[in-house]
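Worksheet: the structure to be examined is printed underneath.
The values are calculated or read from the model by the stated rules, or taken from the named source; none is laboratory data. All of these numbers come straight from a predicted model, not from anything done at the bench. Cβ placement follows ideal geometry from the backbone for every residue including glycine, while neighbour counts extend to all protein chains displayed. Just the protein is used for accessible areas: all its heavy atoms, side chains included, with ligands, DNA and RNA removed. Shrake-Rupley method; radii C 1.70, N 1.55, O 1.52, S 1.80 Å.
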Amino acid sequence: SKNRALLNLNSYVKNDEIKIIGIENTKISILKNGKKELLDPVPGGSYIWPSLSPDGKMIVAYEMSKGTFVCSADGKIISFLGRKDAPSFTKDGKWIVYMNDKDDGNNIITSDIYCTSIDGKQTVRLTNSADVIELNPVCSAKENKIAFSSLNGDIYILSYEESK
């Protein structure tokens, strides 16, 4: 975008449909009803990793001073989840998948994939590999699958099934 106007982006957005464009000037840039908006759910926030829920009603993102949060598509905070890196909604929108990485200040030394409920009250560890550092999970909006990479660039697909 240039001067808050979209360039070279065809708008095939239905009424009431929202799309994440990315980050612009540290804010979350969305396309809502064909018009670009900048969201700042945590006033004065600086954001990374925005992701829209499959139903288009919620956004999960990471604010640099507060960590991961879930908000409505209009920017109203639903919950703060703390440090949950690279968050992504599961296909049903009920869980947030993320990486739990540790570093020594220069290098990532461990990372596994976890998921947490939208309210943060339930957490499940999805990977526990001593020989693989799992990074940057992205959930499929169509299937119960999560793609993630390893530190050396290998791509993995994890299939999951929810149990009650």
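Restricting attention to the stretch 43-64 and to residues that are open to solvent by 30 Å² or more (accessible area, probe 1.4 Å) and over 16 Å from ASN25 (Cα atoms), the residue that is nearest to the chain's Cα centre (by Cα) turns out to be LEU52.
Pairs are defined by a Cβ separation below 8 Å, a sequence spacing of at least 6 or placement on different chains, a first member in the stretch 117-136 that is at positive phi and in contact (Cβ under 8 Å) with a residue 24 or more places away in the chain, and a second member that is open to solvent by 60 Å² or more (accessible area, probe 1.4 Å) and hydrophobic (A, V, I, L, M, F, W, C); the pairs so defined are GLY120/PHE80.
Look at ILE96 and say whether it is outside any loop (DSSP other than H, G, I, E, B) and under 25 Å from GLU143 (Cβ atoms). Yes; evaluated as a whole, the condition is true for this residue.
The condition (being farther than 20 Å from ILE28 by Cβ and of a type in the set (Lys, Arg)) is satisfied by just one residue among LYS84, LYS76, LYS91: LYS91. Applying the set (1) more than 24 Å from LYS19 (Cβ to Cβ); (2) surrounded by 13 or more Cβ atoms within 10 Å (Cβ to Cβ); (3) under 17 Å from the mean Cα position of the chain (by Cα) to TYR160 leaves exactly one unmet item: (3). Taking every residue in the stretch 22-46 that is over 21 Å from SER88 (Cβ atoms) and pairing it with any residue that is assigned to a strand (DSSP E or B) and open to solvent by 60 Å² or more (accessible area, probe 1.4 Å), at least 6 positions away or on another chain, the pairs with Cβ-Cβ distances below 8 Å are LYS36/ILE21.
Could you list, in sequence order, all residues of the stretch 121-160 that are β-branched (Val, Ile, Thr), outside any loop (DSSP other than H, G, I, E, B) and within 16 Å of ILE96 (Cβ to Cβ)? The answer is THR123, VAL124, VAL138, ILE146.
Against the numbered list (1) at pLDDT 95 or above; (2) within 25 Å of LYS32 (Cα to Cα), LEU135 comes up short only at (2).
Among the residues making up the stretch 120-157, those that are aliphatic (A, V, I, L, M) and exposed (fewer than 13 other Cβ atoms within 10 Å of the Cβ) are ALA130, ILE155, ILE157. Checked against (1) open to solvent by less than 40 Å² (accessible area, probe 1.4 Å); (2) touching a Ser or Thr at 6+ places or on another chain (Cβ under 8 Å); (3) in a strand (DSSP E or B); (4) under 18 Å from SER53 (Cα atoms), ASP112 passes all but a single condition, namely (4).
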